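The values are calculated or read from the model by the stated rules, or taken from the named source; none is laboratory data. Everything quoted here is computed from the prediction, not taken from an experiment. With ideal geometry, Cβ positions are generated from the backbone for all residues, glycine too; neighbour counts draw on all protein chains shown.
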Amino acid sequence: MKYSLSAFGAGLVFGLGLLISGMANPEKVLGFLDIAGLWDPSLAFVMGGAILVGFFAFAIARKRTLSFLGFHMKLPASDRVDTRLVIGSLMFGAGWGIAGFCPGPGLVALGAGEIKAAVFVASMIAGMVIFEMIESSRRRTQ
Amino acid sequence: MIDISWNSFTPWSALTGGLLIGLAAASFVLLNGRIAGISGVLGGLLAPRSGDIGWRIAFILGLVGAPVAWLMMTELPAIRIEADYPAIIAAGLLVGVGTRYGSGCTSGHGVCGLSRLSPRSLVATLSFMGTGFVTVYLIRHAFGG
């Protein structure tokens, strides 16, 4: 219960941050990705602000085995750079550039009642299901 | 030469929002011990394991509920979506498959991963930013415009 409540709080604050920053507005995101047009550098400040806080939080988190609520730390163990990581990220960036939505802003805009965001989220979930299907059939054949 | 769109440049709201996003990621790792990676949180619901579902739904509900909470205080900021439906669907599929193969998106790699100074996340972030810039260039300047 405590775990889920704290997750809800993090999601809520994350969503508010996306709204205030302009990240939830695809027009703004595409303005940032459009270097050859009239460039809007605002979103660099979103990343900068987030990493500024995140850097200190993860520096503290790295030294701990239990979280401040007493749960096990689940930080990624892998530091391996492989083709899956790169190909997947390249695909994600192409999708991001087409619509101006990444996963978080898509969910926030869905909550704001945008029909196109709902279609985006449904397609994104379909993409994730396709990934699960490919992965499970790959595991079966191995 | 890069032309800056000073009219749409909003450094203060961007920075404020960024600090809030950082705060959310900080509280999630310090209280829950996890990376606030939205594609991972959502993707984990599609191959569910028992005891690993509730907090994911709670996190997503927080995200989706943010505009609702905002509306209780004031009017929502503009959300303008230019892409047409076929483009939205293609974008969604690419983002869905891509973030799962790449093990993360803007939040998990871009915010949390770079904060952790993870080389893996740096490569991922450079990759998706790269195709993001190229895709917008192709759509707006090479083919469209």
Residue match in segment B:5-18 (condition: crowded, with 23+ Cβ neighbours inside 10 Å and not small (Gly, Ala, Ser)): no
Qualifying position, being on the phi > 0 side of the Ramachandran plot and facing chain B (nearest Cβ under 7 Å), among A:22, A:54, A:70, A:49: A:22
Count of segment A:31-87 residues which are hydroxyl-bearing (Ser, Thr, Tyr), surrounded by 14 or more Cβ atoms within 10 Å (Cβ to Cβ) and part of a helix (DSSP H, G or I): 1
Helices (runs of 4 or more DSSP H) lying entirely in segment B:15-119 (those with 3 or more residues that are free of Cβ contacts under 8 Å to residues at least 24 places away in the same chain and more than 7 Å from chain A (Cβ to nearest Cβ)): B:54-73
Among the residues listed as B:34, B:100, B:56, B:49, the single one being at pLDDT below 95 and among the charged types (D, E, K, R): B:49
Residue among A:108, A:119, A:129, A:81 that alone is facing chain B (nearest Cβ under 7 Å) and closer than 19 Å to residue A:32 by Cβ: A:108
Which numbered condition residue B:74 misses (of (1) within 21 Å of residue A:25 (Cβ to Cβ); (2) crowded, with 21+ Cβ neighbours inside 10 Å; (3) β-branched (Val, Ile, Thr)): (2)
Selection from segment B:1-14 of residues that are in a loop (DSSP other than H, G, I, E, B) and within 7 Å of another protein chain (Cβ to nearest Cβ): B:2, B:5, B:8, B:9, B:10
For residue A:59: the one exception among (1) among the aliphatic types (A, V, I, L, M); (2) facing another protein chain (nearest Cβ under 7 Å); (3) more than 21 Å from residue B:95 (Cα to Cα): (2)
Out of A:40, A:34, A:82, sole residue that is within 17 Å of residue B:128 (Cα to Cα), acidic (Asp, Glu) and out of contact with any His (no Cβ under 9 Å at 6 or more places or on another chain): A:82
When residues of segment B:120-145 are limited to those that are surrounded by fewer than 16 Cβ atoms within 10 Å (Cβ to Cβ) and either modelled with pLDDT under 95 or among the polar types (S, T, N, Q) (or both), the one nearest to residue B:21 (Cα to Cα): B:141
When residues of segment B:43-70 are limited to those that are surrounded by 18 or more Cβ atoms within 10 Å (Cβ to Cβ) and of a type in the set (Val, Ile, Thr), the one nearest to residue A:2 (Cα to Cα): B:60
Subset of segment A:49-78 [under 19 Å from residue B:99 (Cβ atoms) and either of a type in the set (D, E, K, R) or at pLDDT below 95 (or both)]: A:74, A:75, A:76, A:78
Segment A:95-131: number of residues that are in contact (Cβ under 8 Å) with a residue 12 or more places away in the chain, part of a helix (DSSP H, G or I) and aromatic (Phe, Trp, Tyr): 2
